[in-house]
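The values are calculated or read from the model by the stated rules, or taken from the named source; none is laboratory data. In this text the structure is predicted, and so the values were computed from the model without any measurement. Quick reminder, even Gly has a Cβ in these numbers, built from the backbone with ideal geometry, and neighbours come from all protein chains shown. What goes into the accessible areas is simple: the full protein's heavy atoms, side chains included, and nothing from ligands, DNA or RNA. Shrake-Rupley method; radii C 1.70, N 1.55, O 1.52, S 1.80 Å.
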Amino acid sequence: LFDFDGTLVDTRTASWPLFAQTSREFDLGIETREQFFALFEHNIYESLAHHCGDAARAQAAAQHFLGLVRDHYAPPFIDGIDAVLDTLARERTLAILSSNHSGTVRRLLEGGGVAAHFSHVYGGDMQPSKAAAIADFLAGGWDGTGARRYDADEVVLVSDTSGDVAEARAAGIRALGVAWGMHDAARLAAAGAAHVAHEPPEILRWIAAA
């Protein structure tokens, strides 16, 4: 399972200017990129609700941000990640697990020429909790048939945020951190990542040895 933003695409420069508009629109008081990134230390939707102290306001802010992302978000893919996906897709089942809207993720995957590598795209519009989405995946629920079930030791989540790592661990699967996204290697390791990759080819080496 691959996270999308920050893991496959460079979200550090592309997402903050959009969220800054949402912060101003809803008077969230999130004024720096670092404050924005801190929301991802836990599930982004839960963090936003906690920050707002008002579930309805948090939901409205999230929808505003996702609307901006849908219309204006165009991050570049991480250098070298396409070769990693090409290699893995020959032997593994790959899927996307993202807090972003599934339609936005599909648009960007198609634009990057890698959409065919992924059997499923599971976005935050389908299930905001990644731990719940992982449980669903293990049970075979993503395709609606339950035909293919996975054991927890067959599945790994690759992500750039400590919140995702924590949710993977809560769902009983391993997490592989990547240090080129929102959170650094120390945060990812502290959250329970089995390993932290510092460049895309490390993903292949870790999976081959795991």
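Structure data summary
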read-out: Residue in segment 81-92 that is surrounded by 17 or more Cβ atoms within 10 Å (Cβ to Cβ), part of a loop (DSSP other than H, G, I, E, B) and at pLDDT below 95 present; value: no
read-out: Tally of residues being in a loop (DSSP other than H, G, I, E, B) and either more than 22 Å from I81 (Cβ to Cβ) or touching a strand residue (DSSP E or B) at 6+ places or on another chain (Cβ under 6 Å) (or both) across segment 9-40; value: 8
read-out: Residue tally, condition open to solvent by less than 70 Å² (accessible area, probe 1.4 Å) and within 28 Å of A171 (Cβ to Cβ), over segment 31-52; value: 13
read-out: A210, sole failed condition from (1) exposed (fewer than 15 other Cβ atoms within 10 Å of the Cβ); (2) in contact (Cβ under 8 Å) with a residue 60 or more places away in the chain; (3) touching a Lys or Arg at 6+ places or on another chain (Cβ under 9 Å); value: (2)
read-out: Search result, residues across segment 169-187 that are more than 19 Å from L204 (Cα to Cα) and either part of a helix (DSSP H, G or I) or without any contact (Cβ under 8 Å) to a residue 12 or more places away in the chain (or both); value: R169, A170, D184, A186, R187
read-out: Residues located in segment 63-75, provided they are assigned to a helix (DSSP H, G or I) and either open to solvent by 10 Å² or more (accessible area, probe 1.4 Å) or hydroxyl-bearing (S, T, Y) (or both); value: Q63, H64, F65, L66, G67, L68, R70, D71, H72
read-out: Residue tally, condition out of contact with any helix residue (DSSP H, G or I) (no Cβ under 6 Å at 6 or more places or on another chain), of a type in the set (S, T, Y) and at pLDDT 90 or above, over segment 100-152; value: 3
read-out: Evaluation of L97 against (1) more than 23 Å from R187 (Cβ to Cβ); (2) modelled with pLDDT of 95 or more (one fails), failing number; value: (1)
